[in-house]
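Visitor: Next up is a structure, given as structure tokens.
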Amino acid sequence: MSTSTATSADPWATPAPVLSFSPVVLSVPTRPVDLQVRVSAPATGTSLPVILLSHGHGPSNHLSSLNGYAPLANFWAAHGFVVVQPTHLTSRTLSHLVADAPGAPDFWRSRAEDMTHVLDRLDVIESTVPQLAGRIDHTKVALVGHSLGGFTAALLLGAGLTDPDTGKVVHLAEPRIKAGVLLAAPGRGGDALNGPMAGQWPIIGAVDFSTMTTPALVVAGDKDDSRHFTDMGPGWHADPYTLAPGPKTLLTLFDAEHGLGGIAGYDAAETTDENPGRVTALARLAAAYLRTRLHPGATTWQAACEALTTGPDPVGRVESK
């Protein structure tokens, strides 16, 4: 097998065929149902870094599960990452099984703990998936989350949370995760959380980004106006960048709404801003950011920004701190 192309000059030139295997079933005694994950990986390559992908909530029955986010998972796997997608307890595929389970309906702690369980048993996953044994670099782990998954990612990257049941601040940071990407993640609480959904999901406003110290790329659509949570407008989704300490990078995608062009699934009717070109650009930028973070000295992020966020038709703008 060839070695990983993670630091090659042009990692986008030749996508690899992708192997996808699901479900890998992990028994977790404290969970009301087993943890099921999908694993997608390039057919060739070794020393492969890992992306943990946390799904959002959303109206579809199956996109919020291990069966969603194929436009991202397939791209990243084709370009040298092993992508692991758990089905969190918030998934509509499990609602009939876990509706009365402790932590319902937001399962905020369980969602974060799912990723810790995956990392604790990454060797089991690696040996279970055909043709994957011995090909993962366990020291290079990144995390991506969309929407509610971005909320989960913030916790794992170091954000604090005031437990609504106890009033105590909880920290669930996972030190094995070296970098993250927050896609259309929720922003601040307090007076900003004043939409009709705020009362149903108070946990959204309980996050403190000031301790989110792990390097992260925050992605926000400049048309993502989440009035059901806030009247702050699209800028609310930039809060994880604005309110967290560096190193952080903000990618604002032009004309993008909450689906960011359709990342949750191919041809999903619920996508209000379907744009396959935007999805591909986002997938490339996120991969480039993580590759550079996981492989210090790599220039893939700089090159991707020059190709996609400058010139006559940029997909968005980038700022860093």
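Visitor: Name the residue that is most open to solvent (accessible area, probe 1.4 Å), counting only residues in segment 141-172 that are assigned to a strand (DSSP E or B) and β-branched (V, I, T).
Guide: Looking at residues that are assigned to a strand (DSSP E or B) and β-branched (V, I, T), I get V169.
Visitor: If I ask for residues that are open to solvent by less than 10 Å² (accessible area, probe 1.4 Å) and among the hydroxyl-bearing types (S, T, Y), which ones from segment 47-63 would you list? Break it down into steps so the answer makes sense when it comes.
Guide: Going through segment 47-63, the residues open to solvent by less than 10 Å² (accessible area, probe 1.4 Å) turn out to be 48-56.
Across segment 47-63, the qualifying residue is only S54.
Visitor: Among the numbered conditions (1) touching a Leu at 6+ places or on another chain (Cβ under 9 Å); (2) closer than 26 Å to S110 by Cβ, tell me where G221 comes up short.
Guide: Condition (2) is where G221 drops out.
Visitor: Kindly provide the set of residues from segment 210-232 that are open to solvent by 10 Å² or more (accessible area, probe 1.4 Å) and either part of a loop (DSSP other than H, G, I, E, B) or not small (G, A, S) (or both), ordered by number.
Guide: T211, T213, T214, P215, D222, K223, D225, R227, H228, F229, D231, M232
Visitor: When you look at T5, is it open to solvent by 10 Å² or more (accessible area, probe 1.4 Å), modelled with pLDDT of 95 or more and of a type in the set (V, I, T), yes or no?
Guide: It is false that T5 is open to solvent by 10 Å² or more (accessible area, probe 1.4 Å), modelled with pLDDT of 95 or more and of a type in the set (V, I, T).
Visitor: Let me ask something else about it. Provide a single number: the residues in segment 50-60 that are assigned to a strand (DSSP E or B) and more than 18 Å from T116 (Cβ to Cβ). Before the answer, list the steps.
Guide: Applying the first criterion (assigned to a strand (DSSP E or B)) to segment 50-60 yields 50-54.
Okay, now just the ones that are also more than 18 Å from T116 (Cβ to Cβ), so none.
Count: 0.
Visitor: Let me ask you something else. Going residue by residue through segment 27-46, is there one that turns out to be touching a Ser or Thr at 6+ places or on another chain (Cβ under 8 Å), over 28 Å from H295 (Cα atoms), open to solvent by less than 10 Å² (accessible area, probe 1.4 Å) and not polar (S, T, N, Q)?
Guide: Checked against the condition, which is being touching a Ser or Thr at 6+ places or on another chain (Cβ under 8 Å), over 28 Å from H295 (Cα atoms), open to solvent by less than 10 Å² (accessible area, probe 1.4 Å) and not polar (S, T, N, Q), segment 27-46 yields at least one hit.
Visitor: Those residues that are assigned to a strand (DSSP E or B) and either open to solvent by 30 Å² or more (accessible area, probe 1.4 Å) or among the small types (G, A, S) (or both), I need them from segment 187-209; list them, please. Explain how you work it out, then say what you get.
Guide: Looking only at segment 187-209, we keep the residues that are assigned to a strand (DSSP E or B), and these are 207-208.
Scanning segment 187-209 gives a single hit, D208.
Visitor: A further question follows. Considering each residue of segment 61-90, count those that are in a strand (DSSP E or B) and within 18 Å of T292 (Cα to Cα), and give that number.
Guide: 2
Visitor: Which ones in segment 173-186 are under 16 Å from the mean Cα position of the chain (by Cα) and open to solvent by 10 Å² or more (accessible area, probe 1.4 Å)?
Guide: Going residue by residue through segment 173-186, those that are under 16 Å from the mean Cα position of the chain (by Cα) are 173-174, 176-186.
A173, E174, R176, K178, P186 - these are the residues of segment 173-186 that are under 16 Å from the mean Cα position of the chain (by Cα) and open to solvent by 10 Å² or more (accessible area, probe 1.4 Å).
Visitor: Looking at A304, A288, which is the one that is part of a helix (DSSP H, G or I) and touching a Leu at 6+ places or on another chain (Cβ under 7 Å)?
Guide: A304
The values are calculated or read from the model by the stated rules, or taken from the named source; none is laboratory data. Only a predicted model underlies this, so the values are computations on that prediction, with no experimental measurement involved. So basically every Cβ, Gly included, is an ideal-geometry build from the backbone, and we count neighbours across all protein chains shown. The accessibility values were calculated without ligands, DNA or RNA, using every heavy atom of the protein model including side chains. Shrake-Rupley method; radii C 1.70, N 1.55, O 1.52, S 1.80 Å.
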